[in-house]
Amino acid sequence: MIHIAETLSIRTVEGFLKPDGIERLNLVMDDTLNSLGRDRYGTGRRTTIHEIPGHSPSEAQDVYEPDGRIEMTDIPREATTLLDQALKLHVPAITRTLPSVTGHRPWIYLEYGAGQYITPHADGIAPDPLTRPRQIAAATVTLTDIHDTGGAFYVETTGSDSVWTADEAPTGSGYAQGMRLAHDGTDMSSPWFRSMPRTRWSVTPPPGTLVVFGSQLVHGTEPVRAGRVRKFLTLFVSE
């Protein structure tokens, strides 16, 4: 039974990656990007992991990453192995507050240069909250010390009802009684979202810390001031 609190939660797992793991992942990604070309995953990319109903991938990119970023969904096998090993060790800490989580989607590599950021949005229980698997939360682990670079991660909270659909999830659909679902378009493409009052909470976790946040929690990143911020992302699901 999935409770709304899971989809609005946030927690951290310190020491998810050890220094030697961070160093190895940096080397793996350097080798990969240098051999394949950074532009292939940056300025030359025409796809995005984000979707906005009624909008093209290019339009979604403009909304979510207006100044671009590097996004790689086919990361090297060695990187996947290192990240999956770390995840296996920390499953109990993650599922303590996300008991409905039974698996995760493939890891994605993200990189932000100076001036780049991701705009505030909620992922939602994608792609369809009434079918399985259901996306309960996301998690990112940063390889960079963002105290030096900027690009802090943040969540935004609100007391507004605007974010929620009018109807509760149907009885027998696997959700706790009273479960509410966020609207499609809980992002900067929607006038109602842009005008909705929100309070921002920023965090600057040390490199190697896993930040886990619910799929209906509004989140984003602040612009990078200098250098590059490198991170990996995965999505936790209930199957």
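Worth pointing out:
- Each Lys or Arg adds one and each Asp or Glu subtracts one; over the other residues with Cβ under 14 Å from the Cβ of His90, this totals +2.
- Computed on the Cα atoms alone, the convex hull of region 1-100 gives a volume of 149 cubic angstrom per residue.
- Expected 222 nm ellipticity per residue - DSSP helices of 4 or more, -39500 (n - 2.57), all of the chain, to 500: -7000 deg cm²/dmol
- DSSP bridge orientation in the chain - percent antiparallel, rounded to nearest 5: 95
- Isotropic mean projected area of the C-alpha convex hull, region 42-147 (nm²): 8.4
- Packing-based ranking, highest mean first, of 203-211, 50-58 given that Cβ atoms within 10 Å are counted: 203-211, 50-58
- For region 130-239, the share of alpha carbon pairs falling in successive 10 Å distance bins from zero is 13, 36, 33, 15, 3 percent.
- Considering only alpha-carbon pairs that sit under 8 angstrom and 6 or more positions apart, the relative contact order computed for the chain is 36 percent.
- Surface share of carbon and sulfur [accessible, 1.4 angstrom probe, percent] for region 26-157: 53
- Fraction of alpha-carbon pairs over 28 Å apart in the chain - percent: 29
- Neighbourhood charge, 15 Å Cβ-Cβ cut-off, centred on Arg24 and excluding it, Lys, Arg +1 and Asp, Glu -1: -3
- Relative to the Cα centre, the charge distribution of region 1-141, modelled as +1 at Lys and Arg Cβ and -1 at Asp and Glu Cβ, gives a dipole magnitude of about 460 debye.
- Its Kirkwood hydrodynamic radius, worked out from the mean inverse distance over all distinct Cα pairs, puts region 150-194 at 12.7 Å.
The values are calculated or read from the model by the stated rules, or taken from the named source; none is laboratory data. The structure displayed is predicted, hence computed values, not measured ones. Neighbour counts are summed over all protein chains in view; Cβ atoms, including those assigned to glycine, are modelled from backbone coordinates with ideal geometry. All accessible areas refer to the heavy atoms of the entire protein, side chains included, with ligands and DNA or RNA removed. Shrake-Rupley method; radii C 1.70, N 1.55, O 1.52, S 1.80 Å.
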